[in-house]
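Quick notes on the structure that follows.
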Amino acid sequence: MEMRRRDFLAALFPPPPGSTLVHEHILVDFIGADKVSPSRYDPDEVYRLALPKLKEIAQLGCVRLHECTPNFLGRDPRLLRRLADASGVEIWTNTGLYAARDFIFLPPYARTETANQLARRFIKEAKDGLIDGIKPRFIKIGVDRGPLPPLSRKLVEAAAIASRETGLPLASHTGNGPAALEQLEILTEAKCPLSHFVWVHAQNETNLQVHAQVARAGAWVELDGINPRSADHHLRCLQSLSEANLLSKALISQDSGWYHVGEPNGGNFRGYSYIYTDFVPRLPADWPK
């Protein structure tokens, strides 16, 4: 959900009337890149479980959901289109690759190709579409804590090149503040505007001054994972950005949903309504919603 979204994202993708959840999931499969396959789950079962959750937030004013499951982790554009058509919530999917968790979700070619070669793959998906004409609307990558190893740096560089050439926002699962700052350096070297960059999971960095540093550089600070246990911490993070006059660079979401492939009935599929029913009402009245 945007906190008065401005600058690059607002200019490129003007938000429709209503609200956007910028980091959620429908389905994930943590089996690894060497074994992941659509044959491992029943899309009809996922559809049946996810649709009521999406209809619920449609009633609460959600008009768009960014589905942040990357390729080789269970990305399923056809399922997302089907759910979008039935729920009335626009669902965005992504291009990119995920290098966090010791690279187990990277395909072999990610290790051997150059940053430019990987970028060409992302750009081709952005221009030609993924399947059935469905195009990604952002780039999603993932890295662990900094300092970043060479393979992670290569992936960030590839995503920066692709973002620079396509204009797509670049959302990066990021292990900590130093990794976020290192990625900003890579984007700068690649001549990719820092306003394209979304620091995913920024709430995991306990030094709130790093939030301000990244926001002042022009990037987006995404405070996701909002839930009843984390709400007080998320409010502190937002208050810190507000006091620094940087609240307009904050994005909030829940990192919720998660049909877990391989678990009975997809495990605990969490809904998306908490941010609307409980969290946003706790925000100060003078803050933009």
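Could we say that Asp255 is acidic (Asp, Glu) and modelled with pLDDT under 95 here? So that I can check it myself, show each step before the final result.
Values: acidic (Asp, Glu): yes; modelled with pLDDT under 95: no.
Here the answer is no, as Asp255 does not meet what is asked.
Within region 141-149, can one find any residue that is hydrophobic (A, V, I, L, M, F, W, C), under 16 Å from the mean Cα position of the chain (by Cα) and either outside any helix (DSSP H, G or I) or crowded, with 22+ Cβ neighbours inside 10 Å (or both)? Yes, region 141-149 has at least one match.
Is it true that Gly175 is over 17 Å from the mean Cα position of the chain (by Cα), crowded, with 17+ Cβ neighbours inside 10 Å, not hydroxyl-bearing (Ser, Thr, Tyr) and not in a helix (DSSP H, G or I)? No, not satisfied.
For region 257-272, filtering for residues that are part of a loop (DSSP other than H, G, I, E, B), small (Gly, Ala, Ser) and crowded, with 17+ Cβ neighbours inside 10 Å leaves 1.
From the list Pro52, Pro77, exactly one residue is more than 17 Å from Tyr274 (Cα to Cα) and either over 18 Å from the mean Cα position of the chain (by Cα) or not hydroxyl-bearing (Ser, Thr, Tyr) (or both). Which is it?
Details: Pro52 fails: more than 17 Å from Tyr274 (Cα to Cα).
Selected residue: Pro77, the only one of Pro52, Pro77 that is more than 17 Å from Tyr274 (Cα to Cα) and either over 18 Å from the mean Cα position of the chain (by Cα) or not hydroxyl-bearing (Ser, Thr, Tyr) (or both).
Apart from one condition, Asn71 fits all of (1) more than 20 Å from Ser253 (Cα to Cα); (2) without any contact (Cβ under 8 Å) to a residue 40 or more places away in the chain; (3) not in a loop (DSSP other than H, G, I, E, B); the exception is (3). Against the numbered list (1) of a type in the set (Ser, Thr, Tyr); (2) within 25 Å of Asp29 (Cβ to Cβ); (3) touching a strand residue (DSSP E or B) at 6+ places or on another chain (Cβ under 9 Å), Thr112 comes up short only at (3).
Suppose we keep only residues that are touching a residue at least 24 places away in the same chain (Cβ under 8 Å) and surrounded by fewer than 24 Cβ atoms within 10 Å (Cβ to Cβ) within region 199-208. Which one would you say is nearest to Ala171 (Cα to Cα)?
The residue in question is His201.
Of these, Gln254, Gln213, Gln183, which one is in contact with a Ser or Thr (Cβ under 7 Å, 6 or more places away or on another chain) and either touching a residue at least 24 places away in the same chain (Cβ under 8 Å) or in a loop (DSSP other than H, G, I, E, B) (or both)?
On the way: Gln254 fails: in contact with a Ser or Thr (Cβ under 7 Å, 6 or more places away or on another chain); Gln213 fails: in contact with a Ser or Thr (Cβ under 7 Å, 6 or more places away or on another chain).
Result: Gln183 is the single residue among Gln254, Gln213, Gln183 that is in contact with a Ser or Thr (Cβ under 7 Å, 6 or more places away or on another chain) and either touching a residue at least 24 places away in the same chain (Cβ under 8 Å) or in a loop (DSSP other than H, G, I, E, B) (or both).
Of all residues in region 53-68, how many are part of a loop (DSSP other than H, G, I, E, B) and either small (Gly, Ala, Ser) or closer than 27 Å to Val36 by Cα (or both)? Going through region 53-68 one residue at a time, the tally reaches 2.
Taking region 236-267, which residues are among the polar types (S, T, N, Q) and in contact with a strand residue (DSSP E or B) (Cβ under 8 Å, 6 or more places away or on another chain)? Spell out how you get there, then give the answer.
Restricting attention to region 236-267, the residues satisfying the condition of being among the polar types (S, T, N, Q) are 239-240, 242, 245, 248, 253-254, 256, 265.
Selection gives Ser253, Gln254, Ser256.
Asp286 passes every criterion in (1) touching a residue at least 12 places away in the same chain (Cβ under 8 Å); (2) farther than 25 Å from Pro38 by Cβ apart from (1).
The values are calculated or read from the model by the stated rules, or taken from the named source; none is laboratory data. If you're wondering where the values come from, they're calculated on a predicted model, not measured in any experiment. Every residue, glycine as well, gets a Cβ built from its backbone with ideal geometry; the counts of neighbours run over all protein chains shown.
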